[in-house]
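No value in this document is a laboratory result; all are computed from the given coordinates. As the structure is a computational prediction, the values presented were derived from the model and not from experiment. All Cβ positions, even for glycine, are placed from backbone atoms using ideal geometry, and neighbour counts span all protein chains on display.
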Amino acid sequence: MQYHYIPRGVCSRAIDIDLDEKTGVIRSVRFTAGCSGNTQGLSALVAGQKAEDVIGRLRGIRCGMRSTSCPDQLAQALTEALEHL
């Protein structure tokens, strides 16, 4: 399943997720804009992981004084994607 998410409150402008519909395993994640090295690293680390596990690890992470971060926004995107399975 392909899922497109527009993050809020971060530098990234979009998060595109490829999620296995049967297993809930993340096939790939692609961020548009944001801190290139960090978002590429985050994408590489979550590939092959169960979405629920990633949500549990990333939800609530903040970026500086912001109330959210790209990892937190990925957790929110995955939560929404799972609701559409």
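Out of the chain, which chymotrypsin sites (Phe, Trp or Tyr not before Pro) are coil in DSSP terms and have no more than 15 other C-beta atoms within 10 Å?
Answer by residue number: there is no such site.
Give the shape of the stretch 33-85 as rounded, prolate or oblate, defined through the alpha-carbon gyration tensor: a ≥ b ≥ c are the square roots of its eigenvalues, a/c under 1.5 means rounded, and otherwise the shape is prolate if a/b is larger than b/c and oblate if not.
oblate
If I stretch the segment between Ser36 and Glu80 completely, what's the gain in nm (0.36 nm per residue apart, minus their alpha carbon distance), one decimal?
Answer, rounded to one decimal: 13.5 nm.
What does the convex hull of the Cα atoms come to per residue for the stretch 3-49, in Å³?
Hull volume normalised by residue count: 62 Å³.
How many nm separate the modelled label positions at Asp53 and Glu21, each set 7 Å beyond the Cα in the direction of the Cβ?
2.4 nm
Can you tell me the orientation of helix 70-83 relative to the chain, as the angle in degrees between its alpha-carbon axis and the longest Cα principal axis, to the nearest 10?
Taking Cα atoms only, the helix is inclined about 30 degrees.
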